[in-house]
Amino acid sequence: MYCHGRRHMGRLNYSGWRVFREGLRGQKGWAQAWRNPEPKSHYDVVVIGGGGHGLATAYYLAKTHGIRNVAVIERGWLGGGNTGRNTTVIRSNYYYPASAELYDLSLRLYEGLGKDLNYNVMVSQRGMINIAHSRHDMEVAARAVGAMRLNGIETKMLTPAEIQKRAPILDCSPYARFPVWGGYVQERGGTARHDAIAWGYARAADALGVDIIQQCEVTGFRRDAGGRVTGVETSKGFIGAGKVGMAVAGHSSVIAELAGFRLPVTSYALQAFVSEPVKPVLDTVLMSISSGLYVSQSDKGGLVLGGGLDLFPSYAQRGNVQITRGVLGGMADQFPSLGRVRFVRQWAGIVDVVQDSSPILGETPIPGLYINCGWGTGGFKAIPGGGTMLAHHIATGRPHRIAEPFGLNRFNTGALVDEAAGAGIAH
Amino acid sequence: MMLIDCPWCGPREQLEFRCGGESHIQRPGPAEEISDETWGNYLFFRDNPKGVHFERWHHLGGCGLWFNVARDTVTHRIYAVYPMDAPKPAIGKD
C-alpha cells in the first residue's frame, strides 16, 4: 500500500530523496499530483463532495474494496469547504463506547496516514489538554476521563502545576479570570495539516484510477421507476452512477432536498482565527471546558483559535463579531502575554449540527444513495474513519460494525448517541 | 451582525437576541396514535434551507418577547418580522 503510486500512470513516490534530487535539478521533475479529467458518462460510484470525507471515501473504495470506477464531484475546489476551514485538531476523547470506537479508528488511521498515502500530512501528536476552571469542571473532567479509560482511550488527569509546566504562557495564577483547577490530556491527540489531508487523499485516490472532477455542481438526481438513484444531474451534464455517496457537511440538507428527503440537521457557521506568526510559545493543543476556546500553534508560528458556534442557522461562510469578540477576549484573558498579538485571518465553515452531536452514516430513504454527514463542529478529526465507513457501506451494502449505531433511523427509534451531553460538545 | 426589528422595542442589535430555531412546527397527536416515525420527524427533522428560513427569535436581553422572522440564511437579510401565531408570509424572490 505504500507504493501504489507507481502502479498508475508511472507516478513516482514522494520521498526525502526526491526532494533532495529535485533540489539539485531545479525542481523540474515534479509531475501533476492528480489529473483533471472530464466526467465519464457512467461510474460504479459517484461521491458528491470533494472534501476530506468524500476524497477518503473514494480512496478507501478503490484501495480497500477494489472499486476504482469512481468519481468525486466537487462544486468548488478540493478541500475548499470545512476541510480547509477547521482548526486542524485530531483527537478521540469521546464519552460513549460507540463514539470512542469510531473516532479512535480515525485517529489510528491518521497515525499511519502519511505512509499510507505517501504524502506528508504533518500529523503532530502534541497532546490535547482540556482545562477545567471550577470544581464542577473538574467533576466533568473526572467523569470524562473515567469513561474514556473504560472505552480504552488513554487519557489522564492533570494538576494545575502539570498544566502550567506544559503551557507556561497559560495564566494559572490564583487571580486568573479563568482560574485553572486542573484538566486532562489525551497524549495521542494533536494536529494534522488540513490541506494535506485533502491533497494526499486526492493524489492517492487518483493514482488508483478515481476521477476527481472539480467545479461541477450537483443540480439534481435521476431515479428509475423503482425510485433507485441512477445518476446525478450536474453543471457538467448527467453522470450515471450505480451508487451515489454524499459527504457534503453543511450542505447536506440542500443535497437531500434535491433527492427528496429531509435530515435532522441544522447548518451553522463555526469561526476560526489565525494570528500573525510568533515565536514558539505553545507546543500542545489547549481547550478550555468553560469558555469553549481552543488554541494551538501552527508550524509557521500562527496561533490557530476556535470557539463556539454562531447560534442561528447560516450558510454564509463568515462569522459574527460577538463570537469573534468572545473567542479573542477569552484568549487575551487566559494568555495575557498574547493580548497584543494581531490576527491575520478569520473565517467560518458551515457545519452540519445534529441534535445528539453524532454523525449520520449509512443509508438514506433513497435507494442507492448513501450519506456521511452530521459531524457538526468535529468533522476534520473524523475524516479517515468517516471515509472508511461510507466506503464500506457503499461497497458491501451493509453498515460497518462501527457505523451501525449511527444510522439515520436512530432519530425515529430514539437510540441516540448523545455526545452533546456526554462529551460536552459546545453546542 | 444583524439589526433585528423587535416588534415591541424596535431595531436592536442581534447580540440582544437568541434564535429559537425553525418556526411553524406543529406537534402531532394525539401522542398514543402517532407512529415513531412521525414523532421522530417532529422532534428532530428540520427545514434547513439555503435561502429564506422561517424561524423564532427571542429578545432575551430586552423585553423577552418571542416572535417570528423570515431571514435569508446566506445574506442574513430579514424579509419579515411577524407574530408567533401568524402564518408564514409570502416572500417574493427578488
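Expressed as a whole percent, the accessible area of the range A:1-129 that falls on carbon and sulfur atoms is 55 (1.4 Å probe). Think of a 1.4 Å ball rolled over the protein heavy atoms: the range A:251-316 then has 32 Å² of accessible area per residue.
Per residue of B:49-58, other chain Cβ atoms within 10 Å of the residue Cβ number 3 on average.
Per residue of chain A, the DSSP helices (runs of n ≥ 4 H) give a summed -39500 (n - 2.57) that works out to -8500 deg cm²/dmol at 222 nm.
Between helix A:52-63 and chain A there is an angle of about 50 degrees, using the helix long axis and the longest principal axis of the Cα atoms. For the range B:34-77, trypsin sites (Lys or Arg not before Pro) are listed when DSSP marks them as loop and at most 13 other Cβ atoms sit within 10 Å of their Cβ; the list is B:Arg77. Output the residues of the range A:407-422 meeting this criterion: accessible area (heavy atoms, 1.4 Å probe) in the chain alone minus accessible area with all protein chains in place is 30 Å² or greater. Going by heavy-atom accessible area, the residues of the range A:407-422 that drop by at least 30 Å² are A:Phe411, A:Asn412. Can you give the FRET efficiency for A:Trp17 and A:Asp195, using 1/(1 + (r/R0)^6), R0 = 25 Å, r = Cβ-Cβ distance, to the nearest 0.05? Here the calculated transfer efficiency is 0.60. Annotation: lysines with alpha-carbon distance below 17 angstrom to A:Lys165 (same-chain offsets under eight excluded): A:Lys156.
Report, to the nearest 10°, how far helix A:97-111 tilts away from the longest principal axis of the Cα atoms in chain A, using its own Cα long axis and a range of 0 to 90°. Long axis of A:97-111 versus the principal axis of chain A: about 80 degrees.
The A-B contact accounts for approximately 2200 Å² of buried accessible area, totalled over both chains at a 1.4 Å probe radius. For the range A:192-264, GluC sites (Glu not before Pro) meeting the loop criterion (DSSP other than H, G, I, E, B) and having at most 15 other Cβ atoms within 10 Å: A:Glu217. To put it simply, the accessible area of the range A:257-299 at a 1.4 Å probe is 53 percent carbon and sulfur. Across the accessible surface of chain B, with the other protein chains kept in place and a 1.4 Å probe, carbon and sulfur atoms take up 51 percent. Peptide A:39-47 has a mean of 0 when you count, residue by residue, the C-beta atoms of other protein chains within 10 Å of its C-beta.
A 1.4 Å probe over all protein chains sorts A:Met331, B:Met1, A:Met157 by accessible area into B:Met1, A:Met157, A:Met331, starting with the largest.
Helix A:321-334 axis versus longest C-alpha principal axis of chain A: approximately 50°, rounded to the nearest ten. In loop segments of the range A:340-427 as defined by DSSP, the trypsin sites (Lys or Arg not before Pro) with at most 15 further C-beta atoms inside 10 Å of their C-beta are A:Arg340, A:Arg342. Inter-part distance, the range A:113-191 to the range B:44-83, computed on C-alpha centroids, equals 38 Å. Across the cross-link table entries A:Lys115/A:Lys236; A:Lys28/A:Lys236; A:Lys63/A:Lys381; A:Lys63/A:Lys243, which are compared at the Cα atoms, the separations over 27 Å belong to A:Lys115/A:Lys236; A:Lys28/A:Lys236.
Which is the longest stretch in chain A that no exposed loop site breaks, taking sites as chymotrypsin sites (Phe, Trp or Tyr not before Pro) with a DSSP loop state and at most 10 other Cβ atoms within 10 Å? The longest such stretch corresponds to A:176-427.
The values are calculated or read from the model by the stated rules, or taken from the named source; none is laboratory data. It should be emphasised that the depicted structure is a prediction, and the values quoted were computed from it without experimental measurement. Counting neighbours? That spans all protein chains shown, and the Cβs are built from the backbone with ideal geometry, glycine included. To get the accessible areas, we keep the full protein, side chains included, count just its heavy atoms, and leave off ligands, DNA and RNA. Shrake-Rupley method; radii C 1.70, N 1.55, O 1.52, S 1.80 Å.
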